[in-house]
């Protein structure tokens, strides 16, 4: 017995066509007309799109930041993801200094196993370097963790120096890994934060002031120079600025292989949300994230980067903290505000509403940005990221006729606000299938049991 989606329009990164799709077990088994069999469940979806399940390349669930823990754990976060049409998330297992990579991975499995509503994999964050860590990178590849992350910010905590970056890049080439980078110059930020606080400037406004776009530009230029020397590929996470994009374009002209992610907040929000310089309003804390929100011209530059194919994936950097009691930890000192904002639930709808319907991207480009490119880059294609015979039946039936407004009181994310409060939403995930299981029906959770599986990803297939 199978399931047939009847009357919809299949959308992939490269094709758009009307066809029925038949699911049996965990796979897509037929695409065409008259493909139903006796006893199949027929779901009529006239007027809807059939798109591959979304892949969010960047989430932080159940993350302990020292002063508090994110509002969303793997259960609530993946439930929100699946409601929004995302069937796979890639979260971060981050090594604490003194810890092995294996220990960090074991801890992340303990948090996530048996509670995820969508499929999931991990990037491995590396915070220090020695010969044992270098050896463990190969072990991580064997465990299906084929991507890593290094931080150029958060001095005295996560930040690593250029020597670590260079060694890790060379090792990534040897083992078939891809390293993502948080690109901000943490040394400069530390100086600017100290100066702001000494001057008595402690409101959320100064979060953005002390992390200017030029510290992102510098860090991106530096890591791409190091990648050029190491002859290694690089993944830039959460690109936020026109200045940073400029550094990427310059490096690409020299032949550096660099892949780029941005997030909806850097396309749709701007730094006016931090309030006025003279204001003591704490509302801006909701938008304290790193990198911070930028200017309108940065929004436009990033949309153009997408159109030109320079930015190829859309993650969310979902890192949710409640405004009350969590963001308020920093009410007297902006540098103590937990960094991050929610977004995993609304990513697909925002890209459809403000990308496709505003003419910024085509619906095929939306599929590429939210699913296919990530699947290819992170070793899960063609199992994920496309509608094809033999692929996992990770399918979203997208209803383009649905319309609403995003509000915190209607969201599944376990957080007391959304940065997109009041934003118009056109379209929704009417049905969602995870490996053939109907988990969302008519926009509501249809499966109470978490069915998500850990993904053993293939090695990075870029430059050898």
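The values are calculated or read from the model by the stated rules, or taken from the named source; none is laboratory data. Just so it is clear, the structure is predicted and the values come from calculations on it, not from any experiment. Quick reminder, even Gly has a Cβ in these numbers, built from the backbone with ideal geometry, and neighbours come from all protein chains shown.
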(message) If a residue must be in contact with a helix residue (DSSP H, G or I) (Cβ under 7 Å, 6 or more places away or on another chain) and within 26 Å of residue 370 (Cα to Cα), how many such residues does region 312-350 contain?
(response) 13
(request) Considering only region 97-126, state which residues are under 23 Å from residue 219 (Cβ atoms) and out of contact with any strand residue (DSSP E or B) (no Cβ under 7 Å at 6 or more places or on another chain). (result) 97
(request) Would you list the strands (runs of 3 or more DSSP E) that sit entirely within region 359-453 and hold 1 or more residues that are under 30 Å from residue 326 (Cα atoms)? (result) 395-405, 424-434
(message) Given the criteria over 22 Å from residue 359 (Cα atoms), at pLDDT below 95 and either assigned to a loop (DSSP other than H, G, I, E, B) or out of contact with any strand residue (DSSP E or B) (no Cβ under 9 Å at 6 or more places or on another chain) (or both), does residue 280 qualify?
(response) yes
(message) Let me confirm something: among 252, 286, which residue is without any contact (Cβ under 8 Å) to a residue 60 or more places away in the chain and either in a helix (DSSP H, G or I) or touching a strand residue (DSSP E or B) at 6+ places or on another chain (Cβ under 6 Å) (or both)?
(response) 252
(request) Would you check which residues across region 51-92 are touching a strand residue (DSSP E or B) at 6+ places or on another chain (Cβ under 6 Å), free of Cβ contacts under 8 Å to residues at least 60 places away in the same chain and surrounded by 24 or more Cβ atoms within 10 Å (Cβ to Cβ) and list them? (result) 91
(request) Test each condition in (1) part of a loop (DSSP other than H, G, I, E, B); (2) in contact with a helix residue (DSSP H, G or I) (Cβ under 9 Å, 6 or more places away or on another chain) for residue 38 and report the one that comes out false. (result) (2)
(request) Assess whether residue 176 counts as being modelled with pLDDT under 95, buried (at least 17 other Cβ atoms within 10 Å of the Cβ) and on the phi > 0 side of the Ramachandran plot. (result) no
(request) Working only within region 291-321, note down all residues that are under 30 Å from residue 194 (Cα atoms) and crowded, with 18+ Cβ neighbours inside 10 Å. (result) 291, 292, 293, 294, 298, 299, 316, 317, 318, 319, 320, 321
(message) So, residue 243, is that one over 26 Å from residue 326 (Cα atoms), assigned to a helix (DSSP H, G or I), without any contact (Cβ under 8 Å) to a residue 60 or more places away in the chain and over 22 Å from the mean Cα position of the chain (by Cα) or not?
(response) no
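Residues checked against (1) without any contact (Cβ under 8 Å) to a residue 60 or more places away in the chain; (2) under 18 Å from residue 234 (Cα atoms); (3) crowded, with 17+ Cβ neighbours inside 10 Å:
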position	(1), (2), (3)
102	yes, no, no
124	yes, yes, yes
142	yes, no, no
183	no, yes, yes
187	yes, no, no
(request) Could you list, in sequence order, all residues of region 440-458 that are under 30 Å from residue 148 (Cβ atoms) and either loosely packed, with under 15 Cβ neighbours inside 10 Å or touching a strand residue (DSSP E or B) at 6+ places or on another chain (Cβ under 9 Å) (or both)? (result) 451, 452, 453, 454, 455, 456, 457
(message) Can you report the number of residues in region 178-196 which are part of a helix (DSSP H, G or I) and touching a helix residue (DSSP H, G or I) at 6+ places or on another chain (Cβ under 7 Å)?
(response) 4
(request) Count, please, the residues in region 10-28 that happen to be buried (at least 16 other Cβ atoms within 10 Å of the Cβ), in contact with a helix residue (DSSP H, G or I) (Cβ under 9 Å, 6 or more places away or on another chain) and assigned to a strand (DSSP E or B). (result) 1
(request) Determine whether region 3-11 contains at least one residue that is within 30 Å of residue 111 (Cα to Cα) and at pLDDT 95 or above. (result) no
